[in-house]
Structures are given as structure tokens and as C-alpha cells.
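This report refers to the structure that appears directly beneath it.
The values are calculated or read from the model by the stated rules, or taken from the named source; none is laboratory data. This is a predicted model, so every value here is computed, not measured. Cβ: placed from backbone, ideal geometry, glycine included. Neighbour counts: every protein chain shown. With ligands, DNA and RNA removed, areas are computed over all heavy atoms of the protein, side chains included. Shrake-Rupley method; radii C 1.70, N 1.55, O 1.52, S 1.80 Å.
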Amino acid sequence: MKPVRVIEGRAVPLERSDVDTDQIIPSDWLKRVERTGFGRGLFSEWRDDPSFVLNDQRYVGANILVAGPRFGTGSSREHAVWALMDYGFAAVVAPSFGDIFRNNSSKQGLVIVQLAQEDVDELTRLVKEDSTRLVIVDVDQMQVEVPQVDWHRSFALDPMIRERLLYGWDDIGLTMRREASITSFEERSTAPTLEGVFDGAGHVIAR
Amino acid sequence: MAGQTLFEKIWNQHVVASPEGEPTLLYIDLHLVHEVTSPQAFDGLRLNGRGVRRPDLTLATADHNVPTDPISTPVKDPVSRRQLEALEENCREFNITVFPRGHENQGIVHIIGPELGVTQPGMTIVCGDSHTSTHGAFGALAFGIGTSEVEHVLATQTLPQQKAQTMSVTVRGKAPSGVSAKDIVLAIVGRLGTGGGAGHVLEYRGEAITDLSMEGRMTVCNMSIEAGARAGLVAVDDKTIDYLRGRPGVPEGEAFERLAEHWRSYVSDKDAVYDREIVIEASELVPYVTWGTNPAQVVALDGVVPSPNEFDDPDERNASERSLDYMGLAPGEPIRSIPVDVVFIGSCTNARIEDLRAAAVVARGQRVAPGVRALVVPGSHRVKRQAEEEGLDEIFLAAGFEWREPGCSMCLGMNPDQLGQGQRSASTSNRNFEGRQGRGGRTHLVSPVVAAATAILGHFASPEDVNG
């Protein structure tokens with residue numbers, strides 16, 4: 001994962017609540033075995049509509065998505081995060097998020113900015129008023145800003161997620177620092193294994 | 001000191017390390033894998049020169065995009081075929097047991113875990129699929145993860161996790177007859193909303209829950225994620241143990257009985273304290289149908305399509321307007337008057353043997369309404385064989401239903417089983433999101449008996465409507 005400290009750019013207001021991961025990336029796109037190229041599938045069912053905000057010329061190139069409550073609920077597909085990032089988004093601002101989506105975002109470096117509903121509404125108004133306004137998401141300071149109108153709000157980040165974003169740390173590498181603890185847990189564990197249940201071809205071994 | 005909840009017991013038994021200021025590192029007892037959320041994880045392992053730490057705790061099956069045509073028919077979609085092949089190749093390379101399309105043990109991942117007895121009480125279970133919560137019916141802590149986490153579990157058999165909050169969801173008293181497990185969980189999701197369970201593990205309790213069979217409890221736990229919850233749980237009792245006895249993944253004889261005694265500890269202590277508690281009166285429950293585009297938009301089968309004006313919250317009002325527009329419905333329309341094009345009986349929510357039996361009772365001796373396509377997709381090959389031994393396939397076929405091969409099928413329309421633009425379905429699956437079952441498709445979630453009755457009458461209906 002690439003380190004991310006400060007995101008500077010423009011924001012696009014989605015103005016929709018309950019945007020589930022099926023909307024973010026339809027299941028048709030989930031057949032691919034690659035990790036790239038999902039941007040073309042982002043919101044694909046809505047993008048056919050010329051009035052959909054991502055088709056609005058004023059917001060082309062925006063890298064911050066502002067959405068309604070419960071963004072990213074539903075399916076666990078990380079493809080939703082890959083699609084948002086592949087399209088060019090580096091942060092999503094919303095009043096609330098699906099738990100798995102939030103987790104998945106933290107693994108890829110997509111910054112999740114949770115603000116109160118009224119703050120999201122204000123930010124939406126600010127970028128609708130003037131789509132060219134610079135918006136800054138500062139991971140280090142945990143602050144989102146619109147400098148032109150001196151608007152700024154703080155947001156919370158799990159300390160570990162913040163560190164990982166700032167340094168671009170790999171989760172697996174971090175966990176393997178605890179390998180001795182894992183091995184010792186395994187030695188104590190009495191949980192069953194699949195050993196002796198199936199043969200090499202997946203058939204149940206008769207007892 | 002207060003007692004522990006079931007969640008806390010399982011959690012505490014799986015802590016590998018809890019370093020200051022970092023998430024807890026949790027051990028994972030069973031990792032279930034399918035073709036859709038795993039290829040990029042296996043790729044990540046290869047890129048970083050990592051292996052699979054515990055192939056003996058990892059089990060894979062094809063389910064999400066397998067066609068449900070006869071197994072002898074090749075997979076026509078080259079992209080799907082490539083993904084199914086990749087699963088087999090990856091599992092061979094990393095020495096993981098895999099059930100490819102057509103294998104005797106293949107089926108939807110959340111159906112095969114329990115039926116093979118590899119889902120057991122007290123375990124931590126993960127899978128790259130949000131409906132992993134299904135396994136919570138066995139008193140196991142089971143939750144869905146993304147592909148990066150799949151890779152993490154493959155490499156380390158652990159996951160860094162923030163401890164969830166607990167919520168007791170009591171369904172008090174006996175459910176009226178005609179109210180199924182699906183209706184119970186639709187009522188719960190309707191009450192909590194799609195975000196109401198966020199950050200929580202739900203523990204379902206009360207007579208209406210303990211009265212359910214293991215399969216009914218799986219249906220309830222399955223849709224925990226639809227309320228935004230991390231997982232759902234039901235405490236272990238005699239039914240849990242009786243269900244598991246004799247299954248391939250458990251020991252036999254004395255060894256099983258000893259294990260079963262241990263499993264009995266997977267209940268919440270009497271004085272355990274939950275972070276939140278809600279109570280639902282079972283006597284007030286009825287059969288439900290979803291009317292909108294999220295699973296909390298629930299209405300009684302006897303009811304009418306609601307009006308956006310009924311919602312105080314502006315977001316909900318807005319969302320309901322969009323939902324009605326997408327669904328092509330007008331406020332006040334009686335649910336029973338809405339005609340359907342397709343009926344889907346299947347998915348990890350409702351494709352177990354009891355679901356098929358219940359639907360078959362309604363379908364027996366009847367005919368699917370003209371113009372309606374009705375599919376029955378068993379959850380696994382084991383379920384399919386059992387159903388065929390009981391003659392359920394013949395009942396469905398005689399009534400004009402299609403009897404198909406196992407898989408996730410039209411629940412998410414990754415395979416060729418999809419709704420067309422504007423087509424309306426009654427579906428026993430778990431999500432009515434826009435386009436979920438096919439672009440422009442309109443999904444209404446229902447129980448298996450309501451689905452079967454709807455297929456026969458061509459509009460939303462109860463079994464009583466068919467016989468009456």
C-alpha cells in the first residue's frame with residue numbers, strides 16, 4: 001500500500017444514502033481475477049444516465065467522493081474499494097459506512113472520512129456552489145478543509161489505521177511480528193482441523 | 001464481575017495477542033474460500049513469496065458464478081470459467097481442499113460448512129463473503145471479510161480485529177403459525193434498519209429463536225449483515241448438537257459426546273451484560289415482503305406499498321422515493337396485487353432441505369402461473385440429492401418449476417440466472433439492491449412458502465391463498 005498523508009483535489013457530491021457495494025461495483029465485474037481495471041465498472045448502472053453526477057463535466061477529475069449515510073453497506077466485495085480507487089477517488093466522506101467496506105478501505109489506502117450529517121450537507125453545498133473549490137483531506141491532522149471559505153472539520157481515525165495510511169504499512173508484515181505468539185496459540189489450540197476428513201480429491205474419508 | 005456473553009467467550013478464547021494501542025490479533029479456526037473474493041488474495045501471496053499457513057483449516061468451494069445448467073454443459077462465459085479454473089489451480093498449488101463445480105460436496109459455501117459438520121460451536125470462522133454470519137447459528141463467531149483480509153488469513157491464520165459491541169435481539173414468545181425464520185429476520189432487519197447493527201454482533205434469543213430448527217436459525221443469522229451487523233449468534237442447545245452428530249467433520253461415539261459437552265459452554269452467562277438490547281414480540285410477526293431496494297424496506301404481505309410521506313427522516317423519505325421509482329410501484333398498491341415475472345427459490349438464506357420441503361408442500365399438485373418463470377436452485381449437491389431422494393424434484397417439475405444445479409445463482413446474478421430489465425422477482429435470497437439480480441431487475445425478498453405460492457398465483461400470495 002502507498003503512503004497517504006494529504007489528499008488535495010476537488011470533491012463530487014453523490015447526494016445518495018444507502019449506496020451499497022452492489023451499486024458501487026455490480027456483480028458482473030466480480031468475475032475478473034485481476035485487481036486493476038475496475039474503475040470502468042464504478043457505479044456502472046448509474047453512469048449510463050447522462051444526468052448522473054459523475055457525468056457532470058464540472059466534476060470530472062474529482063478525487064474526493066461525498067456521499068450520504070450508510071455508504072458501502074452490503075456485500076464484502078473489496079472490488080468496491082478497487083473500483084473507487086481505480087476511478088481516481090482517494091477519499092470518501094459520508095455520515096456513516098458499512099463495517100466491512102470501512103475495513104477493506106483501510107487495507108487499500110482509501111481514506112474514510114466520517115463526518116456528522118450536517119457537516120456532510122455543508123460540504124455538499126460548498127462543492128455544489130463551486131465545483132472548482134479545493135478540498136483537502138489531511139490524514140496526519142485528521143482534518144478536512146475547504147480553504148477558500150475557511151471551512152474545516154476534524155474527523156476520527158483509528159490510530160492504527162492512521163499509522164498504516166501514513167506509512168503505507170502492509171498488514172501481513174505487521175502481523176508476522178507476532179509469529180511466535182501465533183505459533184504458541186496453535187500449540188495450545190484444541191480446535192479441530194480438516195485433517196482426516198477429506199481425501200486429496202475432496203471426498204469424505206469413510207470411517 | 002458480570003458473566004460473559006457468548007461473543008465474549010469465543011473472542012477471549014481466540015486472542016493471540018492484544019498489543020497496547022493496536023487491534024487484537026484473533027486466531028481463525030476455519031477459513032472458507034470461494035472463487036470470487038480469493039484470486040487476488042492468492043496472487044498477493046505469490047507476489048510476496050508467502051504460503052498458506054494452515055491449509056488444514058481452509059476449505060474451498062465454487063459457488064458464486066457457477067452456471068446452474070446441467071453439469072455436463074461447459075461454462076460458456078470465458079471470464080467466469082477462468083475464475084473457476086483459478087480457484088482450482090490456486091487450491092492445488094497451496095494444498096487446500098476444494099470442491100469444484102459438480103463435485104459431490106460442492107455448494108454454496110454457507111450451506112456446505114454446516115452440512116459437512118466443519119462449522120462447529122465456539123469456532124471463529126471467516127470467509128470473503130458477508131453472509132458468513134450464517135454459521136453463527138452454531139454458536140460460532142463467523143463474519144465476512146474482504147480480499148485483503150482473505151490474503152491475511154491465508155498467510156497468518158489470524159486477523160487484526162477491533163472488538164465489536166454486543167446486542168441482544170430477543171424475539172419473545174412463540175411465532176404464529178405461517179411465520180417462518182425468513183419472516184422473523186425480515187422483521188428484525190426492518191426494525192433495526194440497514195445500519196442499526198453496525199459495529200455489533202447480534203445474539204438472537206427468545207422462544208421464537210430457540211423454537212427454530214438449525215436451518216431456521218441459519219436463515220436468521222444469515223441476514224445479520226442486512227442490519228449492518230458484523231455477525232449473528234445463537235447459543236448452543238440440544239438442537240445444535242443433534243444437528244452435528246454423525247456429520248463428516250465431527251468425531252464419532254464417545255469423542256463426539258465429550259466434544260458436545262464442551263460445546264454446551266457456548267451460551268451467554270445468565271448475568272451477562274450486552275451493550276444494547278432489543279425485544280421483538282413474536283406474536284406480532286406476520287409474513288413479510290420487501291417493497292424497496294434495501295432489505296429494511298419491509299411490509300406485511302397483507303399490507304400495501306408505503307408512501308414516502310410516512311417517513312419522518314428526510315434521508316429515508318428520499319431513499320423511499322428513489323426505491324419506489326426504481327421498483328415501479330405506487331404508494332397504496334396492495335402487495336397481493338403486484339404481479340411477478342420470476343420466482344427464485346435458492347441462496348445461502350433459503351436453499352436448505354427444509355426450505356425446499358416447505359416450498360414443495362405449497363407446489364404439490366399445482367401449476368406455476370402462465371408467464372412466470374420459477375427456478376428452484378438447491379444450496380448444494382447434498383441438498384439436491386436429499387431432495388431427489390424425497391421426490392421433491394418431481395413435485396417441482398410437475399408444477400412447472402425449473403430444478404437446477406446448486407450455486408448462488410440468481411441471488412446475485414453472477415451466473416446466467418438473471419432478471420431482465422424491469423422484470424420483477426419474488427426471491428428467497430437476502431438482498432433487494434438495485435440491479436442485484438440483473439440490470440434493471442426488481443427484487444422482492446420473501447420466504448420459501450410465499451415464493452412458492454407467488455409462483456402459482458402469479459402475484460404475491462400466501463400458501464392459504466393457493467389452497468383457499
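For Cα pairs less than 8 Å apart in space and 6+ apart in sequence, what is the mean separation divided by the residue count of chain B, i.e. the relative contact order in percent?
Worked out over chain B, it gives 17 percent.
Given C-alpha coordinates of the stretch B:366-468, what is the ratio Rg to Rh with the Kirkwood estimate of Rh?
Rg/Rh: 0.96.
Rounded to whole Å, give me the distance from the Cα center of the stretch B:426-468 to that of the stretch B:261-297.
Centre-to-centre (Cα) distance: 24 Å.
I need the Debye-formula profile for the stretch B:205-343: one equal scatterer per C-alpha, no solvent, reported as log10 I(q)/I(0) at q = 0.17 1/Å, two decimals.
For the requested q values the scattering log ratios are -1.06.
Cα convex hull of the stretch B:21-93: mean projected area in nm², to one decimal?
Approximately 6.7 nm², given one-decimal rounding.
If amide hydrogens are placed 1.01 Å from N in the peptide plane, which non-local residues have theirs closer than 5 Å to the one on B:ARG373?
B:VAL342, B:VAL343
What whole-number value in Å² describes the accessible area per residue of the protein assembly as shown for a 1.4 Å probe?
35 Å²
Using the alpha carbons of chain B, what is the convex hull volume per residue in cubic angstrom, as a whole number?
152 Å³
Could you work out the per residue convex hull volume over the alpha carbons of the stretch B:163-226, in cubic angstrom?
Spread over its residues, the Cα hull of the stretch B:163-226 gives 77 Å³ apiece.
Given 0.36 nm per residue, what is the gain on full extension from B:ARG258 to B:LYS76 after removing their alpha carbon distance, in nm?
60.6 nm
Given labels modelled 7 Å from the Cα in the Cβ direction, how far is it in nm from B:ASN95 to A:ASP130?
Modelled inter-label distance: 6.4 nm.
By per-residue mean of other Cβ atoms within 10 Å, what is the highest-first order of B:326-339, B:125-138, B:229-242?
B:125-138, B:229-242, B:326-339
Measuring from label point to label point, each 7 Å out along Cα→Cβ, what is the B:GLU394 to A:GLU195 span in nm?
Result for the modelled spin labels: 4.7 nm.
Give the residue from A:ASN63, A:PHE52, A:LEU14 lying farthest towards the positive end of the charge dipole for chain A; charges sit on Cβ (+1 for Lys and Arg, -1 for Asp and Glu) and the dipole is referred to the Cα centre.
Going by the charge dipole, the pick is A:ASN63.
Please report, in debye to the nearest 20, how large the charge dipole of the stretch A:94-207 is about its Cα centre when each Lys and Arg carries +1 at its beta carbon and each Asp and Glu carries -1 there.
About 300 debye.
Of A:GLU122, A:GLU187, A:GLU45, which is the most mobile in a GNM of chain A whose springs link Cα atoms less than 10 angstrom apart?
A:GLU187
Would you be so kind as to identify which of B:ILE108, B:PRO70, B:THR124 lies farthest towards the positive end of the dipole of the stretch B:17-160, taking Lys and Arg as +1 and Asp and Glu as -1 on Cβ and the Cα centre as origin?
B:PRO70
Which whole-Hz couplings ³J(HN,Hα) result when phi for each residue of the stretch B:43-49 is put into the Karplus expression 6.51 cos²θ - 1.76 cosθ + 1.60, θ = phi - 60°, listed in order with x for Gly and Pro?
Result, ordered by residue: 4, x, 4, 4, 4, 9, x Hz.
In nm², what is the average projected area of the convex hull enclosing the Cα atoms of chain A?
The orientation-averaged projected area of the Cα hull of chain A comes to 15.1 nm².
Any idea what the dipole of the protein assembly as shown comes to, in debye rounded to 20, about its Cα centre with Lys/Arg Cβ at +1 and Asp/Glu Cβ at -1?
About 840 debye.
Once you sort the root eigenvalues of the Cα gyration tensor of the protein assembly as shown as a ≥ b ≥ c, which label holds: rounded (a/c under 1.5), prolate (a/b larger than b/c) or oblate (the other case)?
It is rounded, given that a/c, with a ≥ b ≥ c, falls under 1.5.
Using a Gaussian network model on chain A with a 10 Å cutoff between Cα atoms, which of A:VAL197, A:VAL146, A:VAL127 fluctuates the most?
A:VAL197
Got a sec? Which residues in the stretch B:363-398 would a label at B:GLU88 touch, if it sits 7 Å along Cα→Cβ and we count backbone N under 20 Å?
B:380-382
State which entries of B:LYS9/B:LYS239; B:LYS9/B:LYS174; B:LYS239/B:LYS270; B:LYS239/B:LYS384 exceed 25 angstrom in Cα-Cα distance in the structure shown.
Flagged as over cut-off: B:LYS9/B:LYS174.
PRE reach from A:GLU163 (point 7 Å along Cα→Cβ): which of the stretch B:154-189 fall under 17 Å by backbone N?
Hits in the stretch B:154-189 for A:GLU163 at 17 Å: B:159-163.
Can you tell me which aspartates and glutamates have their Cα less than 12 Å from the Cα of A:LYS128? Leave out same-chain residues fewer than eight positions away.
Straight-line reach from A:LYS128, under 12 Å: A:GLU15, A:ASP56.
Ratio of alpha-carbon Rg to the 2.2 N^0.38 Å globular estimate for the stretch B:86-234, to two decimals, please.
Here the Cα radius of gyration is 1.10 times the empirical estimate.
Note the per residue figure in Å³ for the convex hull of the C-alpha positions in the stretch A:94-183.
109 Å³
What distance in nm lies between label points placed 7 Å from Cα along the C-beta direction at A:ALA180 and B:THR210?
Those two pseudo-labels are separated by 4.7 nm.
Towards the positive end of the charge dipole of chain B, with charges on Cβ (+1 Lys, Arg; -1 Asp, Glu), say which of B:ALA140, B:LEU30, B:GLY3 has the farthest Cα.
B:LEU30
Multiplying the sequence separation of B:VAL15 and B:ARG46 by 0.36 nm and subtracting their Cα-Cα distance, what value in nm do you get?
Stretched fully, the B:VAL15-B:ARG46 segment lengthens by 8.4 nm.
What size of dipole, in debye to the nearest 20, comes out for the stretch B:184-227 about its Cα centre when the only charges are +1 on Lys and Arg C-beta atoms and -1 on Asp and Glu C-beta atoms?
Rounded to the nearest 20 debye, it is 120 debye.
So which lysines can A:LYS2 reach, going by Cα to Cα under 19 Å and dropping same-chain residues fewer than 8 places off?
A:LYS107
Computed FRET efficiency, Cβ-Cβ of B:ALA300 and B:GLN421, R0 25 Å: what is it to the nearest 0.05?
Taking R0 as 25 Å, the efficiency between B:ALA300 and B:GLN421 is 0.30.
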